Each structure stands twice: as C-alpha cells, then as structure tokens.
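Asker: Could you have a look at this structure, given as structure tokens, before my questions?
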Amino acid sequence: MIDLLDDPETGILPPGTSALALTVGGFNPGAAAGGYASREPVERIPFGSAGWPASITRAGPGVERAVKPELVAPSGTHAHEPGRPFVRDAELNVVGATIGGTGRLLGTDCGTSFAAPLVSRVALGVLARFPAFSANLTRALVLLGARPTWDGAELEVTGTTQASAARKAAVRRLNGFGHTTLDRALDVSPHRAVLVAEGRITMNGVHIYELPLPSSFYSSGGKRYLDVALGFDPPTRSQRLDYLGNRIEFYVVRDIEMGELVDIFTKAAEEAENESDELQADADDDVDSDADSPDAEPSRGLGKLLGSRNLKFDSSVAERSRSANQRGGLTFGQVLSAPTTAGAYVVVRSINRWCDDTAEQAYALAVSLRRDEGQPEIYAELAAQLEAVAELEVEVDVEIEL
C-alpha cells in the first residue's frame, strides 16, 4: 500500500481525473489464495486482507486534490509466495462472463476494468427505478450508498505529528468514500428514510433546507446514522490550473434559529472572494494541513460562528468541496440533546471562482436518516412530517440569493 501511495506511476490518468466522472478503484474481495489450484500452495498469501486496496488499484487525489477515486468495487488482486513475489491467483480474481477469451462462459481475472461496471450497475439501477432523475441526482444516490471497506489501521505513518489525519488521508486516496450498493443507495425501510432535492443555485448563493430529525434520534439505545451526498456539474477548464469554475459546499447545522443561520451565511457571502483564495491555498497544502483534518472548515469565520452546532462528518468541508462528487457520513453513538424550537438544516453554498456572476449551477442533494433495527421506527414519522406521496420527497424551504 505504501508503494501505491508513494509511486508517481500509480496515479490516476484521464478520463479518471474528470470532475464529473465517478472514478472507481479496486479492493480485494478474497480472504485466502490457492484454493482453486489442483494442489493448494499453503505459502501463497494475498496482497492484503479482504477489503484492502487491490494491488492493481490506483491512488488519488485528482485535479486540485479532489477525492479520486470516489468509489471502489471488487477488482481482484495478486498474491505472493517464496520465490514468486507476484502471482496471479484465480481465488483472488473477479469471476465474470467471457473473461480471459477462453471460450468458456465464465472466467476469472483482476483489474479495475472489472470493478467499474459494478458501479455502473448501481447507477443503472437508480435510473431504472427513477428514470426521470438527473445525472447529478443519480451520482448523489450512488455516493449515498458508499461504505468504507478498509480503515487503514495497518498503515504505519511516520514523519508527522498528525498520524490520524495522515492515515485518513491515505485511506481516502486509495479507498475514496468506499463501496456502494443499490440497496444502500435507494432502499427505505421502517428504520431508514431517504430525502432528495434538486435545484439551481446562483453564484455565491445559499440554499437552506429544513432537515426533519425523527424523535427516535433523541431516545436512548442503539445508534443513529446521517449520510449526505451531493453532485453537481460545474464548468471546467482544460488546462486544469483553475479546474472547477465554481465550488459547492454543504453543511448540516442543528439547534439554531433560521434567522441566525441566514445572518451567518449572509456575512460569509460578503467574504466569498477571500474564501475562494483560501480554498485554493488549501489545495496546495501537505497532509499536515488543517484542511485534511475531519474538523477542518474552509472558512474560519463560518466555523467560529456555527461552532458545535455545525455537525462534523467523516469528511471535512474543505476536503469535500474540491470535488463535484461529495459525500459525508456521521454516526451518533450518544443520545442527541433534547430538541428545542430551533431547527436542523442542510445548507448548500455556492462559491464562484471564474464563472459569470449571473450564472446558475444545477446540483442534487441526497440525505439518508437511519436508526438501528430494534429501535423506534422513523420512516412513518418523517413521511407524516413531509406529507410524502413517494418514497423520496423533495422539500425546499428557504432560498437565499446573496
């Protein structure tokens, strides 16, 4: 894995660097090697455990340090044994139709070319169920279904005082947001609800969506899960120096009055030009920078004004906003403080870089709220609050044009 991270020849090449593309890396689907051989070689060992990055995957980041690859899927990997440091092994490969050109119905091989179609299948599954969904919303839902396959605990980090941040950055470079499946992208249940929204936002504008948190999130027992994904399609430049024409950030804020929230983001909009410069500077920092910390914010002013009311996800705002494909996940192990008259909101903020100030940017947002099985159900409560007539309900409450 260190070789994958450090070798300049293991980076991502076009078209995988494209801002709008969902780039797919590979992970090892097998826990053992040699089982398909006529004589199983006991000394044959896979390159890593099941779920680890595959030996043939590639490392990010992408242009302007965007998260690349965003997703991983089973791709197969290699093994090693004494005297043979690089061994192809069928038990560690991907099984598929017409692989290998042997004339047989099924074959085995390894490569990210076998991983990418598995993610395409999830996207096609979303469109098959909801053919009217846009490309932005389809990408957002595919990202919503992602879960990590590997936590990087085995990585030895040296030369930094922020080993945890460096390890998380390394995992993101190889694993992206993780492995996605169609059921996690779309399925709802009594204990899970999925909310979506699509919109067009002006340059340096802000959209605010009210986020209904179920009463079960305030009761003891089990865990609570909140996942948010966002996709947008910014204009780009071919020279990649100032690649994205604009950036979009999302925040989830709770226990705050709407008026105060509007005031905070209005003040932040007045500093948008300075923040654009700061975000660009973040892209040039090394792994020790605050921008790679899960607690980092692209705007010190926003972070200070929002304080603990701004929920911290497993990816920071600074990290996510470098990409057109964004995802953040949060697990509450503790009971949330009792709800007040103040609400919870998802805030979408656009930051112009070199677009026409009068332009509008299309985007899509997907939110998953989930509670452990055996705990109080949440779907019916949320459906009643939103007066839902379908599984996925769009609810736009406030739009601020700044």
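The values are calculated or read from the model by the stated rules, or taken from the named source; none is laboratory data. What you see is a predicted model; the values in this text were computed from it and never measured. Backbone-built Cβ (ideal geometry, glycine too); neighbour counts: all protein chains shown. Each accessible area value is taken on the protein alone, full model and side chains, heavy atoms only, with ligands, DNA and RNA left out. Shrake-Rupley method; radii C 1.70, N 1.55, O 1.52, S 1.80 Å.
Asker: Looking at region 57-91 only, could you name the residues that are open to solvent by 10 Å² or more (accessible area, probe 1.4 Å) and more than 23 Å from G176 (Cα to Cα)?
Answerer: Listed by number, the residues that qualify are H80, E81, P82, G83, R84, P85, F86, R88, A90, E91.
Asker: In region 42-60, which residues are in contact with a Leu (Cβ under 6 Å, 6 or more places away or on another chain) and either in a loop (DSSP other than H, G, I, E, B) or of a type in the set (A, V, I, L, M) (or both)?
Answerer: Matches in region 42-60: A59 only.
Asker: To continue, here is another question. Which members of region 196-236 meet the condition of being within 18 Å of F332 (Cβ to Cβ), in contact with a Phe, Trp or Tyr (Cβ under 9 Å, 6 or more places away or on another chain) and at pLDDT below 95?
Answerer: Listed by number, the residues that qualify are L211, P214, F217, K223, R224.
Asker: Name the residue that is farthest from the chain's Cα centre (by Cα), counting only residues in region 315-340 that are polar (S, T, N, Q) and part of a loop (DSSP other than H, G, I, E, B).
Answerer: So the first thing to find is which residues in region 315-340 are polar (S, T, N, Q), and the list is 315-316, 321, 323, 325-326, 331, 334, 337, 340.
With part of a loop (DSSP other than H, G, I, E, B) added as a condition, the list becomes 315-316, 321, 323, 334, 337, 340.
Values: S315: 8, S316: 11, S321: 11, S323: 10, Q334: 24, S337: 27, T340: 30 Å.
Among those residues, the one meeting the criterion is T340.
Asker: While we're on this one: Identify, please: which residue in region 129-171 is among the charged types (D, E, K, R) and modelled with pLDDT under 95 and is, among those, nearest to A364 (Cα to Cα)?
Answerer: So the residue we want is K168.
Asker: Looking at the structure I just gave you, is S113 assigned to a loop (DSSP other than H, G, I, E, B), crowded, with 22+ Cβ neighbours inside 10 Å and polar (S, T, N, Q)?
Answerer: Criteria not met by S113.
Asker: Quick check on my filter: what residues within region 288-345 are of a type in the set (S, T, N, Q), modelled with pLDDT of 85 or more and either open to solvent by less than 30 Å² (accessible area, probe 1.4 Å) or in contact with a Ser or Thr (Cβ under 6 Å, 6 or more places away or on another chain) (or both)?
Answerer: N310, S315, S316, S321, S323, N325, Q326
Asker: Here is a further query. Of the conditions (1) of a type outside the set (D, E); (2) buried (at least 20 other Cβ atoms within 10 Å of the Cβ); (3) part of a helix (DSSP H, G or I), A128 satisfies every one except a single condition; which number is it?
Answerer: Evaluating A128 over (1) of a type outside the set (D, E); (2) buried (at least 20 other Cβ atoms within 10 Å of the Cβ); (3) part of a helix (DSSP H, G or I) leaves (2) as the failure.
Asker: Identify, please: which residue in region 2-33 is open to solvent by 60 Å² or more (accessible area, probe 1.4 Å) and of a type in the set (A, V, I, L, M, F, W, C) and is, among those, farthest from R121 (Cα to Cα)?
Answerer: Ranking the candidates gives I2 first.
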